[in-house]
1. Considering amide H positions built from the backbone, and no H for Pro or chain starts, which residues 5 or more places from Ser16, or on another chain, come under 5 Å of its amide H?
2. Once phi is turned into ³J(HN,Hα) by the Karplus curve 6.51 cos²θ - 1.76 cosθ + 1.60 with θ = phi - 60°, what whole-Hz value does each residue of the stretch 150-163 show in order, with x for glycine and proline?
3. Quick query: amide H of Phe82 versus all other amide H atoms, modeled in the peptide plane; which residues come in under 5 Å with a sequence gap of 5 or more or a different chain?
4. Note down the net charge around Val58, summing +1 for each Lys or Arg and -1 for each Asp or Glu among other residues with Cβ under 12 Å from its Cβ.
5. How large is ³J(HN,Hα), in whole Hz, for each residue of the stretch 175-184 in order, when computed from phi with the Karplus curve 6.51 cos²θ - 1.76 cosθ + 1.60 and θ = phi - 60°, using x for Gly and Pro?
6. Which ³J(HN,Hα) values in Hz, rounded to whole numbers, follow from the phi angles of the stretch 82-96 under the Karplus curve 6.51 cos²θ - 1.76 cosθ + 1.60, where θ = phi - 60° and Gly and Pro get x?
7. Once amide H atoms are placed 1.01 Å from N in the peptide plane, what residues at a sequence separation of 5 or more from Asp135, or on another chain, have their amide H within under 5 Å of its amide H?
Amino acid sequence: MFSLKPLFARLPMARSTRAYAFGLERLPPLPPGPVLDLGAGQGYGTAFLSRALPQRQVVGVDITYQCLKPQRLAFGPRRPWFVQASAPYLPFRASAFALATAVMTFHCLPEPERVFREVFRVLRPGGVFLLADVDGRHWIAPWFERVEHWFGISPLTRAYPPEEIEGLARAAGFLPPKTARRKARGFMVWYFLQKPGASGGESPSRTARVAEAYENSGEGRASATTSST
Ligand SMILES: C[S@@+](CC[C@H](N)C(=O)[O-])C[C@H]1O[C@@H](n2cnc3c(N)ncnc32)[C@H](O)[C@@H]1O
């Protein structure tokens, strides 16, 4: 079948480091421990995490290495590990990670309930699942899904309505989510889902490090206004 996926993978718009930065700047305090990036894709987001959270080991997971561009990535002091695996079947022990991210990834994953259960399992008590994706209630959602299906970018693509994400999160055991958007009617939603339990306390200088991670990459800074619910 004709597919635009290889072309899409080359486009700068496929690098959503700004979406990672927006989420990182709004994270609640995290327990100590490594970071899991689900759906690493080209690896720009994973590399960004390794610069923004330099004390933490970042692990990027993807079902395929087809898009990964390790030679083009600017890593932080700890080089991330890349692991080939499928999100609903994570090859990690329980309570291994402090933070899991799924930025523009959840919409194309199979077995959504299982993905939530797996992320919950591998997070430490107090750990956070940062999920950022297209709002299934936004007018753009059906067009986003059509483009992904018609051009073979991802046949499974589905933009989930916020109440469905919140239901999945609740069923997996997460605390009631906090959400944020860039603009009141923005098409993307950031969900901050916390696993119950003690949280750590890392955060005061995190915003500064997120900014620094941008400066070191030459990608420019995220400019954003927030509206949290
Ligand atoms: C749109 S890309 C997002 C990449 C990256 N998070 C970003 O924002 O730049 C979605 C990624 O999810 C990956 N993916 C699809 N199904 C997956 C699965 N079952 N398990 C892990 N990754 C998967 C795809 O291969 C693709 O690289």
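1. Hits under the 5 Å cutoff: Gly45.
2. With the stated coefficients, the stretch 150-163 comes to 4, 9, x, 6, 7, x, 8, 3, 8, 8, 7, x, x, 5 Hz.
3. Distant-sequence amide H within range of Phe82: Gly60.
4. Details: positive: Arg51, Arg56, Arg78, Arg79; negative: Asp37.
It works out to a net charge of +3.
5. Per-residue couplings from phi come out as 5, x, x, 9, 10, 8, 9, 5, 10, 3 Hz.
6. With coefficients 6.51, -1.76 and 1.60, one gets 10, 10, 8, 6, 9, 3, x, 9, 7, x, 10, 6, 5, 6, 8 Hz.
7. Those qualifying (amide H under 5 Å, at least 5 residues apart or on another chain) are Met188, Val189.
Every read-out reported here was derived from the displayed coordinates using simple, explicitly stated rules and does not represent laboratory data. This one's a predicted model, so the numbers in the text were calculated from it and none came from an experiment. Please note: Cβ atoms are built from the backbone with ideal geometry, for glycine as well, and neighbour counts cover all protein chains shown.
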